[in-house]
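The structure under discussion appears below in the form of structure tokens.
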Amino acid sequence: MYFQKGRLSKGIKVLATIGPSSANMDAIKGMIRYGASGFRINMSFGDADTWNTYIDYVRGAASEFDAVISLMGDVPGPQIRSGDFKPFNVQKGEIVTFRGASRPGASTAEVPVSRRELFEVLEPGDTILYGDGDVELRVIEAGGDYANCIVTAPGTFIPGKKVVVLGKEVPLPFLDEKQLALVKYICEKKFTYIALSYVRNEQDVLLVKDLLNQYGCSDVGIISKIETPSGVKNAERVSKVSDAVLIARGDLGVHFPIETVPILQEQITKLATELGKPVIIATDILESMIESGRPSRSDVVGIYNVVYSLADAVLLTNETAVGKHPVEAVKWARIVADTAFENMPGVLTDQLRKHIKPQSLLEKYVHGLVSFAESLEGSIIAYTKTGRTVPLISRLRPRVPVYVGSWNRRLLEKYTVYYNVHPVDVSMQLTETDDYEKGVQELYLKARSKGYLRPGEVIVKSYVKPGLNVHEIRVEIIM
């Protein structure tokens, strides 16, 4: 949502990662002003003091704009990373040794790794990808705590990077002590979402869900990152127990042939969308803007393809964390996504809806509500207490704006990753016991005061009357 008065984003949401380039109030406010609906904190980097500062910036800016903005804590999952060493370059044919620990006096071509379990799965002939494929190597000899490898694609070894064995997954516990502490931190700081890296199956998600319940923060949503072979294989079961899924194209590209990543993205997006789970696409959304103040043509085309896939959100990572133009990256992502939405063929949403068969009365009501509002070109005004209706609306990919209010601000924050849903904070005006009539009216007044609704426009108000099993629609023209 744009917080320049009266301007709204269209369709897909833009999320941004906070890092050194954007860790100041001016940058955060600029990104919100140009369309960022939520922020990610990558907990692979930094510490609690740094993250606390990020949180204060986001919540301070959201308060100043009277905006509903989400916070996502991204927890590193079961992965192998290199330890500390002096960076070095390698050429094709050179030998590099991976070891289970740093050694005093080690040669410059040695890379310590964080987990010895790596060496349990390595065999001669295995391919190792370092970082996001920055260096490619082939194993020629492996032992209990080392592996000698020959470089097959040159590059630079930088400490703290991922070590991936192509086609294999290292058997690691899903959460270690550090990650458990991060889950507690996310609960204490009341993040909107926790993003889980390297989710392998539904048991990983259910483990974290149990922990959230145990820590008294069951309202924290779970975003499962699909980025490994087992995660792709179990994508349907993982999606069903998650609140949203994130397609991490960077890690998919080191676990699968890179030319298959678009196919996987399309398949997982379609699967999760039909299940009614928000889909976030991440990695290299606007890679050119890490350095440049304008996007490349290929990046623009890439965003068009994401919009046409009917994903819910894009997540900017390096573009806003370490790039030179974080605010401009959000601005361009929003401009391109909005233009793509305006020119998107209606047949795309028609095809999606054919695969969504309404069963309950509420689902049938939502189908009718969306179709009716679109036929009138009217904005939907929906007040929710429980959060059941809004996901059903969003999964139909409405072509008209959907303004949502609730007494529960935490619930509204979750909608910042939902397609074409615009949460409006009326939590200060309402309590849980207020009825839907009052909720819709307060939402309407707030949306008008912020300039989202203008005289002459059509609005379609959605009412639910609990106990009577009545779902009502009212049409009005704003005077």
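For GluC sites (Glu not before Pro), the sites in the stretch 203-296 that DSSP calls loop and that have at most 14 other Cβ atoms within 10 Å are GLU291. With the highest mean first, a sort of the peptides 436-446, 410-420 on other beta-carbon atoms found within 10 angstrom per residue produces 410-420, 436-446.
How much accessible area per residue does the chain have, counting only protein heavy atoms and a probe of 1.4 Å, in square angstrom?
Working: 19840 Å² over 479 residues.
Value for the chain: 41 Å² per residue.
Here the label points at ASN52 and ARG237, each 7 Å from Cα along the C-beta direction, are separated by 4.1 nm in the simple model. From the mean inverse distance of alpha carbon pairs (Kirkwood) and the Cα radius of gyration, derive Rg over Rh for the stretch 274-372. My calculation of the ratio gives 1.09. Could you work out how far helix 177-188 tilts from the main Cα principal axis of the chain, as a 0 to 90 degree angle to the nearest 10? Around 20 degrees separate the two axes.
Normalised by the number of residues in the stretch 81-165, what is the relative contact order in percent for Cα pairs under 8 Å and 6+ residues apart? List each step's numbers first, then the result.
Working: 206 pairs, mean separation 33.6, N = 85.
About 40 percent, as a whole number.
Just check the stretch 81-165 against the gyration tensor rule for me: Cα atoms, a ≥ b ≥ c as the square roots of the eigenvalues, rounded for a/c under 1.5, and otherwise prolate or oblate depending on whether a/b exceeds b/c.
On the way: a/c = 1.32, a/b = 1.02, b/c = 1.29.
Cα axes put the stretch 81-165 in the rounded bin.
At a temperature of 37 °C and a viscosity of 0.692 mPa s, determine how fast the stretch 317-459 diffuses translationally according to Stokes-Einstein, using the Kirkwood radius over alpha-carbon pairs as Rh; express D in µm²/s, rounded to the nearest whole number. This corresponds to a translational diffusion coefficient of 197 µm²/s.
I want the local charge near MET479. Using Cβ-Cβ distances under 15 Å, sum +1 for each Lys or Arg and -1 for each Asp or Glu among the other residues. Before the final figure, lay out the partial values.
On the way: positive: ARG448, ARG454, LYS461, ARG474; negative: GLU457, GLU476.
After counting each charged neighbour, the total is +2.
Taking the protein heavy atoms of the chain in the context of the full set of protein chains, the accessible area attributed to carbon and sulfur is 51 percent at 1.4 Å.
With a sphere of radius 13 Å drawn around the Cβ of LEU271, what net charge do the other residues whose Cβ falls strictly inside it have (Lys, Arg +1; Asp, Glu -1)? Mind showing how you got there, number by number?
Numbers: positive: LYS233, ARG237, LYS240, LYS270, LYS277, ARG395; negative: GLU236, GLU266, GLU274.
For residues surrounding LEU271, the net value is +3.
Between the Cα long axis of helix 326-342 and the first principal axis of the chain there is an angle of about 50°, rounded to the nearest 10.
Report, in listed order, any pair from LYS178/LYS414; LYS331/LYS414; LYS385/LYS446; LYS270/LYS354; LYS184/LYS277 with a Cα-Cα distance greater than 19 Å. Too far apart for the 19 Å limit: LYS178/LYS414; LYS331/LYS414; LYS184/LYS277. In degrees between 0 and 90, to the nearest 10, how far off the longest principal axis of the chain does helix 202-214 point, with axes built from Cα atoms? With rounding to tens, the tilt is 70 degrees. Taking amide H positions as modeled 1.01 Å from N, with prolines and chain starts lacking one, the residues under 5 Å from GLU141 and 5 or more places away or on another chain are ASN148. Extension gain, VAL121 to ARG138: 0.36 nm times the residue separation minus the Cα-Cα distance gives 4.7 nm.
Applying a 4.7 Å cutoff between beta carbons, the unpaired cysteines of the chain are CYS149. Counting only DSSP H runs of at least 4 residues, each contributing -39500 (n - 2.57), and dividing by the residue count of the chain, the helix-based mean residue ellipticity at 222 nm comes to -10500 deg cm²/dmol.
Over the stretch 349-478, what is the relative contact order in whole percent, taking alpha-carbon pairs under 8 Å and six or more residues apart?
Values: 213 pairs, mean separation 30.1, N = 130.
Once normalised by length, the contact order is 23 percent.
Directionally averaged projected area (the chain, Cα convex hull): 22.7 nm².
Could you calculate the contour length gain from ARG294 to LEU445, that is, 0.36 nm times the residue separation minus the distance between their Cα atoms, to one decimal place in nm? Before the final figure, lay out the partial values.
On the way: separation 151, 0.36 × 151 = 54.36 nm, distance 3.79 nm.
So the extension gain works out to 50.6 nm.
The relative contact order of the chain, computed from alpha carbon pairs under 8 Å that lie at least 6 residues apart in sequence, is 16 percent.
Potential lengthening of the chain between LYS86 and VAL458 amounts to 127.6 nm, from the contour at 0.36 nm per residue minus the alpha-carbon distance. If R0 is taken as 22 Å, the Cβ-Cβ distance between ILE150 and SER230 corresponds to a FRET efficiency of 0.20.
The values are calculated or read from the model by the stated rules, or taken from the named source; none is laboratory data. Predicted model only: the values in this text are computed from it and were never measured. When we count neighbours, we look across all protein chains shown, and the Cβ atoms used for this are built from the backbone with ideal geometry, even at glycine. Calculation scope for accessible area: heavy atoms of the full protein, side chains included, ligands and nucleic acids excluded. Shrake-Rupley method; radii C 1.70, N 1.55, O 1.52, S 1.80 Å.
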